[in-house]
Amino acid sequence: MGSDRPTPEVRDWLTGNGWHPGRDIGERADELIRVRVDDADRQGAPLTPPPSAVRIIRTYGTLHLSHPTVRNRGWDMEPTAGYDGDAEDIREMATGLDTRLFPVGYETSEYALLLVDEKGRFFYLHHTGGYYRGENEFDAFDRFLRGVHAPDVEDLPEWRDPPCGCCPTDGS
């Protein structure tokens, strides 16, 4: 389980990328969230940010967190990034995890969306599937820096296959 405080390595990396303790982008975070919510509504798959995602956007929003050793790899903490149809993909993954998910950024080399759930856990939504990235931001940042394998969300104990929509779910 991740710590609720950054390791010295993570803290140094974050501060080297423009973060500081107490950082809050305030109204800018509200604007970014509104843009993302409006886009999900436009797609017909509404998303509601849990408080944990709002906190992450307020604290890290607009930062480009470059990986210190892997060229052209980083996390852009830009919640408005995405693709047409991503809101339904996010909702489907959230259903499988039985939680709300909201985008907080993306991984720059693979363009995987960074998502945060109601507990503050981090996930990737990649074109190959969903992946678990960490218990909280410090755990996710640490795993990213160390190159720790991201397990499939389907391998998490709470995962439940979302209904396909074509089969009856009432047992008939």
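The values are calculated or read from the model by the stated rules, or taken from the named source; none is laboratory data. None of the values given here were measured: they were computed from a predicted structure. When we count neighbours, we look across all protein chains shown, and the Cβ atoms used for this are built from the backbone with ideal geometry, even at glycine. Side chains are part of the model used for accessible areas, which takes the heavy atoms of the whole protein and leaves out ligands, DNA and RNA. Shrake-Rupley method; radii C 1.70, N 1.55, O 1.52, S 1.80 Å.
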Multiply the residue gap between residue 159 and residue 92 by 0.36 nm, knock off their C-alpha separation, and tell me the result in nm, one decimal place. 23.0 nm
Taking the Cβ of residue 19 as the center, what net charge do the other residues with Cβ under 15 Å away carry, scoring Lys and Arg +1 and Asp and Glu -1? -1
Determine the sum of side-chain charges near residue 87: Lys and Arg each +1, Asp and Glu each -1, restricted to other residues whose C-beta is under 15 angstrom from that of residue 87. -3
Accessible surface, per residue, of segment 1-154 when the full set of protein chains is kept, probe 1.4 Å, Å²: 48
Roughly how far apart, in whole Å, are the Cα centres of segment 8-42 and segment 97-121? 13
Give the dimensionless ratio obtained when the Cα radius of gyration of the chain is divided by 2.2 N^0.38 Å. 1.03
Tell me the carbon and sulfur percent of the accessible area for the chain, rounded to whole percent, probe radius 1.4 Å. 48
For residue 150, what is the net charge nearby, where nearby means another residue's Cβ is under 9 Å from its Cβ and Lys, Arg count +1, Asp, Glu -1? +1
